[in-house]
Amino acid sequence: MASDSTIPDDTADAEPQVRVRHLNKRDLNRTWEFIKAVFREVNRSTVEYQRPKSKKRFLEVFEEKGIEQLLFVIRTDGKERIVGYAECALAIIGTDNWMNERYFRARDMRPLFVEELAVDPEFQGRGLGTFVLEQLEHLAKLRGCTHLVLEVAENNENALKFYRGRSFTKLDAAIFLAKTVVSDPEILPPRRLKRRETRAVKASASATAPADPKETPPEG
Ligand SMILES: CC(C)(COP(=O)(O)OP(=O)(O)OC[C@H]1O[C@@H](n2cnc3c(N)ncnc32)[C@H](O)[C@@H]1OP(=O)(O)O)[C@@H](O)C(=O)NCCC(=O)NCCS
């Protein structure tokens with residue numbers, strides 16, 4: 001087998017050549033770092049996490065059966081660099097998933113669920129996302145699926161534009177709604193106190209006051 005240094009860089013020509021391979025255990029840490037970096041910006045603007053919530057969950061996914069994880073890599077300076085990642089499954093994964101299997105069954109749909117699709121920001125807009133999607137569609141065909149199904153946040157505008165431009169249409173989506181609850185503040189506003197009257201002032205005020213007729217003792 002050729003040693004690493006004898007394998008030519010994919011960037012030797014003007015444009016890099018991207019290869020696809022299955023993810024294996026020793027890729028896990030750097031793939032997680034890759035996913036985190038790709039979604040850093042996206043996650044600032046979406047209610048739901050657009051990637052696995054935690055590294056723990058990501059590591060669990062690797063152990064779960066039925067999930068395919070693909071890496072898109074190039075060779076540069078004698079080293080492999082991850083530039084894309086995709087994750088898909090034939091069944092709805094995880095026990096806490098909100099997706100309803102019956103929805104698809106009732107419509108004779110056999111989906112390939114695309115759980116993740118991520119392209120290195122440095123490589124976006126160069127056809128890599130399209131390549132990832134084509135690879136997923138290729139897998140879908142081989143596995144007898146009728147649709148690619150995925151979830152995207154409406155305000156992830158780049159991704160939404162990307163999917164819409166590639167014949168994805170809206171199925172039925174949970175839209176996150178919010179209403180401002182108008183309420184009074186829990187804490188009352190500051191209050192200015194009265195000036196305290198001194199005792200001398202109080203006494204002189206009562207001495208000069210006319211006597212209460214009810215308090216006058218009866219004559220006799
Ligand atoms: C969505 C994403 C996968 C597209 O990958 P890509 O490599 O940029 O896609 P391509 O180069 O094949 O296609 C570019 C198309 O996507 C759109 N696009 C999305 N992000 C883009 C970006 N940062 N730069 C340029 N074009 C972008 C363009 O509008 C272009 O559309 P067009 O070809 O119809 O004109 C990529 O932007 C990405 O990984 N985003 C962050 C992670 C994410 O949001 N993933 C989807 C979660 S469901």
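The values are calculated or read from the model by the stated rules, or taken from the named source; none is laboratory data. What you see is a predicted model; the values in this text were computed from it and never measured. Every residue, glycine among them, receives a Cβ derived from its backbone with ideal geometry; neighbour counts consider all protein chains shown.
Observations
- Residue check, residue 86 within 16 Å of the ligand (Cβ to nearest atom), surrounded by 19 or more Cβ atoms within 10 Å (Cβ to Cβ), closer than 30 Å to residue 14 by Cβ and touching a residue at least 60 places away in the same chain (Cβ under 8 Å): no
- Residues that are without any contact (Cβ under 8 Å) to a residue 60 or more places away in the chain and either more than 15 Å from the ligand (Cβ to nearest atom) or of a type in the set (Asp, Glu) (or both), drawn from the range 112-137: 115, 122, 134, 137
- Put simply, of 173, 207, 211, 200 the only residue that is within 27 Å of the chain's Cα centre (by Cα), exposed (fewer than 12 other Cβ atoms within 10 Å of the Cβ), at pLDDT below 85 and not acidic (Asp, Glu) is 173.
- Among the candidates 93, 67, 74, the residue that is in contact with a Lys or Arg (Cβ under 6 Å, 6 or more places away or on another chain) and not acidic (Asp, Glu) is uniquely 74.
- The set of residues in the range 18-32 that are away from the ligand (no atom under 15 Å from the Cβ) and surrounded by fewer than 16 Cβ atoms within 10 Å (Cβ to Cβ) comprises 19, 21, 22, 24, 25, 26, 29, 30.
- Given (1) under 17 Å from the mean Cα position of the chain (by Cα); (2) in contact (Cβ under 8 Å) with a residue 60 or more places away in the chain; (3) away from the ligand (no atom under 13 Å from the Cβ); (4) farther than 28 Å from residue 62 by Cα, number of the condition residue 77 does not satisfy: (1)
- Residues within the range 138-177 that are within 11 Å of the ligand (Cβ to nearest atom), more than 18 Å from residue 68 (Cα to Cα) and aliphatic (A, V, I, L, M), tallied: 4
- Residue match in the range 47-58 (condition: within 16 Å of the ligand (Cβ to nearest atom), in a loop (DSSP other than H, G, I, E, B) and among the acidic types (Asp, Glu)): yes
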